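Inspection log for the structure reproduced underneath, given as structure tokens.
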Amino acid sequence: MLVACEGDCPAQAKLGGFKESVSAERPCRQCLAPRDRYLSITDIAQFERRTKRKHEEHVTEVEQFNRRDSCGVQDPSVKYGVNYRRVEGLICMKVLAHAVTSGVVSLPSVNEQLQGLSQFLPHDRPNCLIKEDHLYKGLRQSAAQMRNLAILLPFVLVKDGKFTGEANFLSVLLSYLKLMNLMMAYELHERDAYRIKKKVEQLHQKILEIEPDLSMAKVHFLHHFWEQVLLFGPIRQHACYRFEGHFAFFKRMARIIRNYTNIIMSTTNRHQTRLCHYMLRKHFLFEEPKYSVKFQIPRGVSDPEIKLVRLKEVSALKIAKTGPLEIHGNTYQEDGLILLSDTSRPFPEFGRIINVFVVDDKRFILVCHKMKTRCLDEMLNAYRVQSLFNKKLDISVDELIFPHRILSILTKGKHYAIPIGHRKLLT
Ligand SMILES: [Zn+2]
């Protein structure tokens, strides 16, 4: 029995018994939208939905009467598709091509600025060697790189709060960033599914305004995401990113071992060895927190930061200062940002970590400077923040309202905070 699976678009189509290419007469796996109309219509209620009964009828048509073109079905389905697809490639490419051709920014300057901004990303930095023909044929970035490129692009294109190109183009990019933030949120409520639906319709409309001859099936597929949220929960739990991330291991492996004769056997062996190595850990599924102790704090030290920690941890036997702390896949370290309050009106509050303490080898306290949120920069889709050096506070990692990574970007003397994956902020 197949419970769930992840894969890219053609693989999922194949598994679902559909034609692998979007050139099918009915290219969508979730509705019966015809090929000639599915890209120009933003209200998908106009299309008939695929149902289990309909699917069985189509399969019978294919098997008994060999009528393959009417419904996009090739074979009986193994499952009903769970899918995730990305359109940021299209949007980044169109916006960047427009900015370069209309003289907003030159390509060497784009590459140089991206290079500088990339240092604020911990990993998956975009490829900063974008060439002229990439603007028309594809930007050649991996899924994660493209996502980061979309986040950094407004910082490259907007100068002194102004975008000198056509406003429509920047508006598409910003709409997409907001939608992406909501879709990739760690936590989603039922009503967010309907917000996604609305935002996709608006985004599609805006894309049609800049690209009337749109030829991207992915844009139509976005319309079905809200239903997937209702059925399966937050998209990041069933997104293609995870599949791609795991698949990267195999792709890297082939290059490293340089064995192309029996690649399946070699990668299987190595993968199994890697799994065995993981299973040797104390907790196989839950990784232990990782940190290195810088020094133990002797009793009687009355540093104001230690006082803060002691006040919180009255029964503490030993307290130590640590280097970067990695826990549940998140890293907390000096200068990293955390979210202190997530009220979007007037603004959320952030803190900048000064020190990380471990108490009795099991509890973690972050001492941070409170930051003032000056404004929401709509054109950059980021909060402008500033450290308040006189306000120190401490917070336990378990108490964080949003324990995930917050992108911190310092550019042109200004400091920006971008909470990625929060359902209310920047969405
Ligand atoms: Zn559809």
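The values are calculated or read from the model by the stated rules, or taken from the named source; none is laboratory data. All of these numbers come straight from a predicted model, not from anything done at the bench. Every residue, glycine as well, gets a Cβ built from its backbone with ideal geometry; the counts of neighbours run over all protein chains shown.
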*If you take just the strands (runs of 3 or more DSSP E) that sit entirely in segment 278-338, which of them hold at least 3 residues that are surrounded by fewer than 16 Cβ atoms within 10 Å (Cβ to Cβ) and free of Cβ contacts under 8 Å to residues at least 60 places away in the same chain?*
293-297
*Single match in Phe225, Phe169, Phe232, Phe221 (criterion: within 16 Å of the ligand (Cβ to nearest atom) and more than 25 Å from Ser344 (Cβ to Cβ))*: Phe221
*Failed criterion for Val397 (all others in (1) on the phi > 0 side of the Ramachandran plot; (2) modelled with pLDDT of 90 or more hold)*: (1)
*Count of residues meeting criterion [free of Cβ contacts under 8 Å to residues at least 24 places away in the same chain and out of contact with any helix residue (DSSP H, G or I) (no Cβ under 9 Å at 6 or more places or on another chain)] in segment 188-217*: 3
*Output the qualifying pairs, or none if there are none: Cβ atoms under 7 angstrom, residues six or more apart or on different chains, first residue in segment 29-44 and without any contact (Cβ under 8 Å) to a residue 60 or more places away in the chain, second residue within 7 Å of the ligand (Cβ to nearest atom).*
Leu32/Phe47
*Taking Phe357 and the conditions (1) surrounded by 17 or more Cβ atoms within 10 Å (Cβ to Cβ); (2) within 21 Å of the chain's Cα centre (by Cα), which numbered condition does it fall short on, given that it satisfies the others?*
(2)
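Residue-by-condition table, conditions (1) modelled with pLDDT of 85 or more; (2) within 13 Å of the ligand (Cβ to nearest atom); (3) more than 25 Å from Lys206 (Cα to Cα):
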| site | (1), (2), (3) |
| --- | --- |
| Ile44 | no, yes, no |
| Glu48 | yes, yes, no |
| Thr60 | no, no, yes |
| Gln64 | no, no, yes |
| Gly72 | no, yes, yes |
| Pro76 | no, no, yes |
*Going through segment 16-49 one residue at a time, which ones are of a type in the set (Phe, Trp, Tyr) and outside any loop (DSSP other than H, G, I, E, B)?*
Phe18
